[in-house]
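Heads up: the structure comes next, in structure tokens.
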Number of protein chains: 2
Amino acid sequence: MKLINKGKTKDVYELEDGNYLLKFKDDVTGEDGVFDPGANTVGLTIEGAGKSGLKLTKYFFEILRERGIPTHYIGANIEEATMIVKPAKVFGNGLEAICRYRAVGSFLRRYGMYAKEGQPLDAFVEITLKDDERKDPPITEDALHMLGILSREEYRTLKELTIKISNIIKEELAKRGIELYDIKLEFGRVGENNEIALIDEISGGNMRAYKDGKYIEPLKLERLILAD
Amino acid sequence: MKLINKGKTKDVYELEDGNYLLKFKDDVTGEDGVFDPGANTVGLTIEGAGKSGLKLTKYFFEILRERGIPTHYIGANIEEATMIVKPAKVFGNGLEAICRYRAVGSFLRRYGMYAKEGQPLDAFVEITLKDDERKDPPITEDALHMLGILSREEYRTLKELTIKISNIIKEELAKRGIELYDIKLEFGRVGENNEIALIDEISGGNMRAYKDGKYIEPLKLERLILAD
């Protein structure tokens, strides 16, 4: 098994059968020692963060598999904090698809002239480029198409899948009295047909979840969701 | 005649017949005393800047009128640096429509991972909010629609008009050996039918124009275009 990439929160290895192994690390993104899922820098190390993120990821990816949603997920080993996935080609150098149910974060920083903090949004989708240097800029369908990152058809599929998956996660959280404010997802082209599939992870670090009006930290979110 | 608004580069008066009078000032946008058409602050005062901007605006709006493009323009008095226009309702608190023929400026700052400086773009349209505090953020069709700023149909009209008008300006400049890199336009709803029409001005301050690979300052641009 060959190390392919050392990421901020995960290392990626290529397996001999062509699949990939993701090793979840205890490093989490943040700034100045404060955890922030939206940050582009590793802020601190929290013991157990890797396994915790993987547990939620396994849980959600298996629900998505049951619902017939295409993902790169094959299986997970919680003890070793590893997940086996199909190889995927990302769009350009990587995109993030954000689905918003409440106006917070970067949405509010951009559109605060027209939206109130916490205002409900109807599964509103935005695409951002993964580009630390340029602070993950938002990008339009036209620009994605023009720059050769996504075809028009791929954009439509990506948007539809983003809403479908986010709604499933939102329902799962709602069953436990937790409200999903927003979530960011990553997609890639998987298999010979370049099917658009969900990749990376789905854990507390990908979303803003609230209970009784209070933000829930990623590790606590995992315990709340997997308690039963 | 009643003062309605003191703008950064123009004052607006309401006339008794319901139309508006725009008084072009010699203040230009910029930062630290350096002229910058994209800046949100008044940087300096250049004698003759108001009249110069109005001359070009008159020139272009009259060309557009001949071509049947809807604008708010009624007439101009160069000596007094004033322009008479129809009343217009802006979209939300104001939008800017940018048409790009070369990758420079904020486009490059956002999408530099995928575009080279100066790379040709095919009349690529972006919409930004007029919001000094939030640095005029770009906005997608979906967000414009969701926030109630533009209907889907208005978005399509705005985009089509932006390309049509920008291409006319580009051709006019090309006749004089000048290349248009990008231009920003403003639109509003005019008349009883809320027809989408070009508003504000079209002068050197709205565009990046180059000759022999060198950027042309707004006042010089006016002299080059109106020389003949």
**Fill in**
Going through segment A:1-32 in order, the residues found to be assigned to a strand (DSSP E or B) and in contact with a helix residue (DSSP H, G or I) (Cβ under 6 Å, 6 or more places away or on another chain) are A:PHE24, A:VAL28
**Item:** Residues of segment A:33-58 that turn out to be touching a strand residue (DSSP E or B) at 6+ places or on another chain (Cβ under 9 Å) and not in a helix (DSSP H, G or I), as a count
**Value:** 14
**Request:** Name every residue in segment B:120-138 that is of a type outside the set (Asp, Glu) and without any contact (Cβ under 8 Å) to a residue 24 or more places away in the chain, in order of residue number.
**Result:** B:PRO120, B:LEU121, B:ARG134, B:PRO137
**Message:** Looking at (1) away from chain B (no Cβ under 13 Å); (2) in contact with a strand residue (DSSP E or B) (Cβ under 7 Å, 6 or more places away or on another chain); (3) of a type in the set (A, V, I, L, M, F, W, C), which one does A:ILE168 not meet, given that it meets all the others?
**Reply:** (2)
**Complete:** Within segment B:79-114, the residues that are within 14 Å of another protein chain (Cβ to nearest Cβ), in a loop (DSSP other than H, G, I, E, B) and buried (at least 19 other Cβ atoms within 10 Å of the Cβ) are B:PHE91, B:ALA103, B:TYR114
**Message:** Would you confirm whether or not segment B:59-66 contains a residue that is crowded, with 18+ Cβ neighbours inside 10 Å, under 30 Å from B:GLY148 (Cα atoms) and at pLDDT 95 or above?
**Reply:** yes
**Asked** For the subset of segment B:115-143 comprising residues that are aliphatic (A, V, I, L, M) and more than 8 Å from chain A (Cβ to nearest Cβ), which member is nearest to A:ALA115 (Cα to Cα)?
**Response** B:ILE127
**Item:** All positions within segment B:191-228 that are crowded, with 22+ Cβ neighbours inside 10 Å, touching a residue at least 60 places away in the same chain (Cβ under 8 Å) and among the small types (Gly, Ala, Ser)
**Value:** B:SER203, B:GLY204, B:GLY205
**Complete:** Quick count over segment A:103-128, residues being farther than 13 Å from A:TYR181 by Cβ and touching a Gly at 6+ places or on another chain (Cβ under 7 Å), is 1
**Asked** What number of residues in segment A:144-156 are under 21 Å from A:ASN40 (Cβ atoms) and either more than 9 Å from chain B (Cβ to nearest Cβ) or loosely packed, with under 15 Cβ neighbours inside 10 Å (or both)?
**Response** 1
**Request:** Inspect segment B:46-57 for any residue being over 21 Å from B:LEU219 (Cβ atoms) and either away from chain A (no Cβ under 14 Å) or in contact with a Leu (Cβ under 6 Å, 6 or more places away or on another chain) (or both) and give the result as yes or no.
**Result:** no
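The values are calculated or read from the model by the stated rules, or taken from the named source; none is laboratory data. Note that the structure is predicted; figures quoted are calculated from it, not measured. Note that each Cβ is placed from the backbone with ideal geometry, even for glycine, and that neighbours are counted across all protein chains shown.
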